[in-house]
Amino acid sequence: MTHMLYEVTQTFVKRAWWGALLGVGLLVLGPLVLRGLILLVEGPIESGAFRPFSFHFAFLATSWLVFISVCLQALQGVKKIIFSLPLSSASIASGLMFITIGTVVFLSLVTNGIYRIVFFDENWLSDYWPVLGPTLFIATLMMVGHCAYWNLHARGFGRLLFWIGFIVAMFWWFISRYNPHGFGEKIVPWSNVTLSEFVTLQLVFVVAWVYGIVSFARVRSGAAEPSLHWNRFESWLNQLSSGTLNETHNSLISKSSALARLHWRDSCRRAILLVLFLGSIALVLNLVQFTYFDTLRMENQTAKESPMVVTMMFLFFSAISIFLILGEALSTRNMVEMKGYLAIAPLSDQVFSAVLVRNLIKCVVLTILVFALLSFLVSYFIAVLYYGFDVINNHWNWLVNHDSKVLFVAVPVLVLIGFWAGIANSLSLFWTGNQWFSVSVFFTIFGLLFSGFLISIVLIPESMRVSFLHGEFLLLTCCIWSGTIIAYFNALKKELINSTTIWIAVVFCLIMPLIFWGFWKTDQNIVRLFLSSLLVLVVTPFATIPLAVSWNRHR
């Protein structure tokens, strides 16, 4: 039995190590690059101006999402194997639970340790960056998640509402640790875990562990059956997600339209349903901030912008969701070849890739509309009804009298551009179908960035640090431009794109960097050149996606 558990653990580690390295690298490199840019543009930060605690909740949400995603990726397909193992249900369930919880806790502690070395001082734990409390909470939350997952195999509306309410109550309890004097008072770090808090978390942990084992045993024995009402709802939902609800077959459509519909039903529709779910959560959180915390009447600017921050955060989560769902949409589960119905489609590579790009654009546009209309504007309208229409006049006057009005146009445009560029460029790598190639490119890019900034901080003298960073920015700028030009040249040579696409890309690359040239708050032209060159990544996928899809189709 011990040998089998060791083999399962070894297999899990083999499947999770690259995602874990990538996740930790992103969480460390992102703030490091941001700090390098601030240091280069604005100079050294004054003592006391940097407040790490203001980024604490963003770090927790992002790191937990990334590390849990790593575990889910490593556990793909494991359900088919674990039920047949000659082990007791308690051993199998406990093994899965503690492997995933241990992985998330270990990666969280490693990331916090690197943050201590790179960013924080010796008083970080007591003053502004609590670790023990959040670590205990995420371990308990994951155990509850395991319990809920196996318990919900016997699906029913009552069980679903119970688990939603219980998890919401857990988050309310967690947030209340940072508000010891009430939610209307100032938020403070959860630096000290009291005995009652520790006992509460451990009690929930143990109960969820035991009940999770019982639920797993019921699933393994086949005793977990959904309710009748849930089966009817699930049948309707499957028809909706597959596009067969109220479908007519009388109209004749072209081959490209048929492929677009088939690809949309296979993957894009699931992505949009998940986006709607995330958008609904963002709507609820924005309503809480607009009403319960009375953010519309607060005078500080950060509070006014907090609903926008929530919207942006869930927009980021939706980008990850779209990437994960659409990234696996072209190839089989083992990434050996393209799915059969796509590979044999009677279309040229140019038309085939154009269909995929159009569906991707449709997903991105619908996602933006969901978060702009549903998550933010609808919650704002409900809050206006709650407070009165005078709020609109107050906010309009605040907007008119604001010092930097251009920010209200430029920042949303940059966010939307970054949203598209991040998803499309990542998919252009993943749609090659070669997992090792995609991982190698990611590690190469982030490894060079991380090593460059680490060398500039540790090895380069302070007098030469700015010149070294300028050289690195210039190298990255050359890579962006040369990579885009080479991609378009090869795509045109293979007849994957036409001349119109090239002319549109050329016009965009000439106009957009010039428009934003004066927007960057720096007098260093090399930094402006680098930041403006990042806009070129918006048009890069229109060449790299056809190249990736063509290679995947004919390999």
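Observations on the structure shown:
- Among residues of segment 259-283 that are over 15 Å from residue 369 (Cα atoms), none has a beta-carbon under 6 Å from a residue that is of a type in the set (Phe, Trp, Tyr) and assigned to a helix (DSSP H, G or I) at least six positions away or on a different chain.
- Of all the listed residues (269, 297), the sole one being among the basic types (Lys, Arg) and modelled with pLDDT of 80 or more is 269.
- Filtering segment 479-507 to residues that are more than 14 Å from residue 544 (Cβ to Cβ) and among the hydroxyl-bearing types (Ser, Thr, Tyr) leaves 499, 500.
- Test: residue 385 is modelled with pLDDT of 85 or more, surrounded by fewer than 16 Cβ atoms within 10 Å (Cβ to Cβ) and farther than 30 Å from residue 492 by Cα: no
- Here is the figure for segment 120-167: residues that are over 26 Å from the mean Cα position of the chain (by Cα) and aromatic (Phe, Trp, Tyr) total 3.
- Scanning segment 110-121 for residues that are in a helix (DSSP H, G or I) and in contact with a helix residue (DSSP H, G or I) (Cβ under 7 Å, 6 or more places away or on another chain) turns up 110, 111, 114, 116, 118.
- Residue within segment 464-476 that is hydrophobic (A, V, I, L, M, F, W, C), in a loop (DSSP other than H, G, I, E, B) and in the same structural domain as residue 545 (by TED's automatic domain parsing) present: no
- Checking each residue in segment 493-508 for being surrounded by fewer than 17 Cβ atoms within 10 Å (Cβ to Cβ) and either in contact (Cβ under 8 Å) with a residue 24 or more places away in the chain or not assigned by TED's automatic domain parsing to the domain that holds residue 546 (or both) picks out 494, 495, 498, 504, 508.
- Against the test of being at pLDDT 90 or above and surrounded by fewer than 16 Cβ atoms within 10 Å (Cβ to Cβ), the options 486, 511, 445 yield a single qualifying residue, 486.
- Residue check for residue 361: surrounded by 15 or more Cβ atoms within 10 Å (Cβ to Cβ) and at pLDDT 75 or above: no
- Of all the residues in segment 146-173, those that are without any contact (Cβ under 8 Å) to a residue 60 or more places away in the chain and buried (at least 19 other Cβ atoms within 10 Å of the Cβ) number 1.
- Scan of segment 132-183 for residues that are part of a helix (DSSP H, G or I), in contact with an Asp or Glu (Cβ under 9 Å, 6 or more places away or on another chain) and charged (D, E, K, R), ordered by number: 177
- Close pairs (9 angstrom Cβ cut-off, 6 or more residues apart or separate chains): in contact (Cβ under 8 Å) with a residue 40 or more places away in the chain in segment 410-426, surrounded by 20 or more Cβ atoms within 10 Å (Cβ to Cβ) and aromatic (Phe, Trp, Tyr) anywhere: 424/542
- Segment 199-211 - residue that is touching a helix residue (DSSP H, G or I) at 6+ places or on another chain (Cβ under 7 Å) and under 21 Å from residue 95 (Cβ atoms) and, of those, surrounded by the most Cβ atoms within 10 Å (Cβ to Cβ): 208
- Single match in 214, 219 (criterion: surrounded by 14 or more Cβ atoms within 10 Å (Cβ to Cβ) and modelled with pLDDT under 90): 219
The values are calculated or read from the model by the stated rules, or taken from the named source; none is laboratory data. Every value quoted in this text rests on a predicted model; they were computed, and no experiment measured them. Note that we place each Cβ from the backbone using ideal geometry, even for glycine, and neighbour counts take in every protein chain shown.
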